[in-house]
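Quick notes on the structure that follows.
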Number of protein chains: 4
Amino acid sequence: MPVDASSQSRDEVLKVFRTGEIIDAARRVIMEVGYPDASMDRIAQEAGVAKGTLYLYFKNKDELLARTFAEEHDQMMDRLRKSAQSVSGYTEQLRSLVRETMGHAVDHQAFRQALHGAPDISPFGTSVSSAEIRREVEDYGGFVAEILEKGMEAGEFRKGNAAKFAMYLTQLVAGAVTAQLHRPEDDACLTSAEELTDFFLLGAQAK
Amino acid sequence: MPVDASSQSRDEVLKVFRTGEIIDAARRVIMEVGYPDASMDRIAQEAGVAKGTLYLYFKNKDELLARTFAEEHDQMMDRLRKSAQSVSGYTEQLRSLVRETMGHAVDHQAFRQALHGAPDISPFGTSVSSAEIRREVEDYGGFVAEILEKGMEAGEFRKGNAAKFAMYLTQLVAGAVTAQLHRPEDDACLTSAEELTDFFLLGAQAK
Amino acid sequence: MPVDASSQSRDEVLKVFRTGEIIDAARRVIMEVGYPDASMDRIAQEAGVAKGTLYLYFKNKDELLARTFAEEHDQMMDRLRKSAQSVSGYTEQLRSLVRETMGHAVDHQAFRQALHGAPDISPFGTSVSSAEIRREVEDYGGFVAEILEKGMEAGEFRKGNAAKFAMYLTQLVAGAVTAQLHRPEDDACLTSAEELTDFFLLGAQAK
Amino acid sequence: MPVDASSQSRDEVLKVFRTGEIIDAARRVIMEVGYPDASMDRIAQEAGVAKGTLYLYFKNKDELLARTFAEEHDQMMDRLRKSAQSVSGYTEQLRSLVRETMGHAVDHQAFRQALHGAPDISPFGTSVSSAEIRREVEDYGGFVAEILEKGMEAGEFRKGNAAKFAMYLTQLVAGAVTAQLHRPEDDACLTSAEELTDFFLLGAQAK
DNA sequence: AATGAATGAGGATTCATTCAT
DNA sequence: CATGAATGAATCCTCATTCAT
């Protein structure tokens, strides 16, 4: 049975590995040509496999792309959670959260940037259309709200609607990230994580 | 000659009129079927002209759509400017700005909502890809910054980087609008313009 | 209005003409490569138009092929009806029907033969799957049954279930046509229309 | 050597067994999803073997399907021959033949029905395209002709072209089976084996 | 200027077949 | 022998753009 066990897990590992390779290729393609022009053909080429192979690992294009997004989101959330655990005090957790979120965005800059190939939104409306996107928003928002709630109970923040405050912070962070990605030359708009957190805390800790 | 001049301006007028009609049709189509499914065929049909005619007024689809967005943005800016003029005091101007922005978004809800057909962004990144979108962001941000600067000079807000604060407010408003459009059922996330402005002012007016 | 009228009918005529050209091309392709291998690409090529053009005249492949079949069936039915009208006496009408059916089949031999590209049926089962095929069967069967009924009333045939007798004749004719198409070398199986009608009449006129 | 011989025949037996299993699986798949949707993937799954294994026993899909049809035809012919042997008198043999043919068709209804997924034929043309189908037709027709010939010599039927009469009967039976499969609700078209044989005999036994 | 028929590149997806293990 | 992951040609269909009228 060691043979069986190892051979099975070897197949499993291989499958996971391949899946990862394809998702990585998809990410690279999106970065290169933008989301709307990321075709299965192009992704297969980038992954170095035949078109048909993609369909062995993903049911269809939608699934492949959704998983590509999910992958990156999950990596970021891991990073956030780890970072939050290493810090005590909710205010500090919030600081770390903002810092790490912005850090992650910088690391994945090109990918995030590529998403915006589709002319789609003015400053007033972040797209939350697909189920995956909605999941990400709720996941992140939930995490922020959790910190805020605990902080409220602990008296670090003033009592209030944690979900709403979480939304505020999320949007502030999103805006900062976007500014960084799209107008890196405009110093006036560059915000450090600290600065942004400070601004938020003025609202959240107002006596 | 008068004849020439008048005939030319008549043509000009006609051209502008037609252009407007097409842009309106494009807006209606986007509202009806969503951005990703807004085809030239459909727009021509809605405008009551032949497909080829669209290309007499717009170089290509991209231009047509960019101008459609621009049109709507300009209408909103008009609204904001008018409203600001009717109010005295920068704090009040800011309140009016937030109120009108959110009001406009509600009035054009279907249009904004339609934009989100394309799966596009996680909470961290508002699309600012195309030149048009960039223009809109700068236009709006500039307007906000102007109010803030004057308010700073007038001592209504604490001194600081007006552009940065403008960005903060812009993002907060964007987030509130998005929440309203996409999760109208989730009361916890619904923010009134007043509430949101209050939160922002805690940061902007902190002594 | 002559201008309008003529121009409109000119478009109509053109549309009908083009439709006919494509249907003809489809028939030729089916003849050449067989039904299962008749692709839209191939048909477009044969018709001398672009792939996309096919979709201006037919909603999709199914419709194009169904109309190709319908066209041929309708031509045959026209032929049968005309021939029947030129003959008096139901027995003679039946003879003419058999004769013309077999004649038509011979004229369209290659087309009929091509249908059988799909290995599909043993001698026991004529495919009547699609709505179009069913329509053809009922159309033809109904025509035969009508002659038989009138002939029964006129005393030319013995009373009985006209529909059932129509089915018998239809199958006999189908068999003769098939034999002719697929085994033209086997004299033993070649049946003249007269011979076949005679055989049927033995059953239909038995006292 | 015995060892060799037995081991070889053991392999032979195994090969035949496997082949049979696959053919059975193919039949089940055709019954379930219809001929046009019977894929190698699906057949392999049904047979409980890997896709590649199919190609160890059959050169390609065409061969596998042809053998599947052949198998079923051979089973029917066995049934017909057995039944004919148990009956004396050629007229009776003919009756039994019609009865058994229709009985077999009913027993394998789903299989036959599944064949008709491919839109294929108008009333004028039973598919006899592939070599396999041709073989089946000749096999069946030969069997019928044999009975007819003997019956003619024995004076039970009038002298004539046995092959031709065999074809007539074959087609009548085919028609009856088809009607039964495709229009089971239309009583007018349902023919019992007896009725059909009676009709045929009017022609075959006419003095 | 206006038309709209025609174009054809490009997209997603399927599946018979092969071949390294 | 058996496997099944990988292949890639082939299929149907869409739609932005062009151009003869």
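For the rotational copy pair C/A, the chain C residue whose Cβ lies nearest the symmetry axis, together with its distance in Å, is C:D41, 9. Considering only alpha-carbon pairs that sit under 8 angstrom and 6 or more positions apart, the relative contact order computed for region C:1-58 is 30 percent. The modelled label-to-label distance between D:R81 and C:D41, using points 7 Å beyond Cα along the C-beta direction, is 4.6 nm.
Measuring r between the beta carbons of B:D62 and C:D62 and using R0 = 35 Å, the FRET efficiency lands at 0.50.
Relative to the other identical copies, B:Y55 shows label-point distances of 1.8, 3.3, 4.7 nm, where the label point lies 7 Å from Cα along the Cβ direction and values run shortest first. Per-residue Karplus couplings for region C:44-56, computed as 6.51 cos²θ - 1.76 cosθ + 1.60 with θ equal to phi - 60°, are listed in order as 4, 4, 4, 7, x, 10, 7, 3, x, 4, 4, 7, 7 Hz, Gly and Pro entered as x. Across identical copies of the chain, D:E153 has label-point separations of 5.0, 10.2, 12.3 nm, listed in ascending order, with the point defined 7 angstrom from Cα along Cα→Cβ.
By the rule of a C-alpha distance below 21 Å, with chain neighbours fewer than 8 residues away ignored, the lysines paired with D:K51 are A:K15, A:K51, A:K59, D:K15, D:K59, D:K61. For B:K159, the lysines whose Cα falls under 19 Å of its own Cα, not counting residues fewer than eight places away in the same chain, are B:K150, B:K207.
Taking Cα centre as origin and charging only the Cβ of basic (Lys, Arg, +1) and acidic (Asp, Glu, -1) residues, the dipole magnitude of region A:1-58 rounds to 20 debye. Take the accessible area of chain A alone and of chain B alone, subtract that of the pair, and you get about 5400 Å² summed over both chains, using a 1.4 Å probe.
Between B:R158 and B:Q205, B:A206, the built amide H atoms are under 5 Å apart, and every one of these is 5 or more places off in sequence or on another chain. Scalar couplings 3J(HN,Hα) for region C:87-97, obtained by applying the Karplus form with A = 6.51, B = -1.76, C = 1.60 to θ = phi - 60°, are 10, 10, x, 6, 4, 5, 4, 5, 4, 5, 4 Hz; x denotes Gly and Pro. With label points defined 7 Å past Cα in the direction of Cβ, position A:S88 shows copy-to-copy spacings of 5.6, 10.9, 11.8 nm, given to one decimal and shortest first. In region D:48-85, which residues have a backbone nitrogen under 12 Å from the label point lying 7 Å from D:E32's Cα in the Cα-to-Cβ direction? The answer is D:48-49.
Peptide C:162-171 has a mean shielding of 6, counted as Cβ atoms of other protein chains within 10 Å of each residue's Cβ. Shielding value for A:101-108 is 1, the average number of Cβ atoms from other chains within 10 Å of each residue's Cβ. Let a ≥ b ≥ c be the square roots of the eigenvalues of the Cα gyration tensor of region C:1-58; is it rounded (a/c under 1.5), or, if not, prolate (a/b larger than b/c) or oblate? It comes out prolate by the Cα gyration axes. Take each residue of peptide B:137-143, count the partner chain Cβ atoms within 10 Å of its Cβ, and average: the result is 3.
The values are calculated or read from the model by the stated rules, or taken from the named source; none is laboratory data. Here the structure is a predicted model, which means the values were calculated and not measured. Cβ coordinates were reconstructed from backbone atoms using ideal geometry, including for glycine residues, and neighbour counts include every protein chain displayed. Note: areas computed on protein heavy atoms with side chains; ligands, DNA, RNA excluded. Shrake-Rupley method; radii C 1.70, N 1.55, O 1.52, S 1.80 Å.
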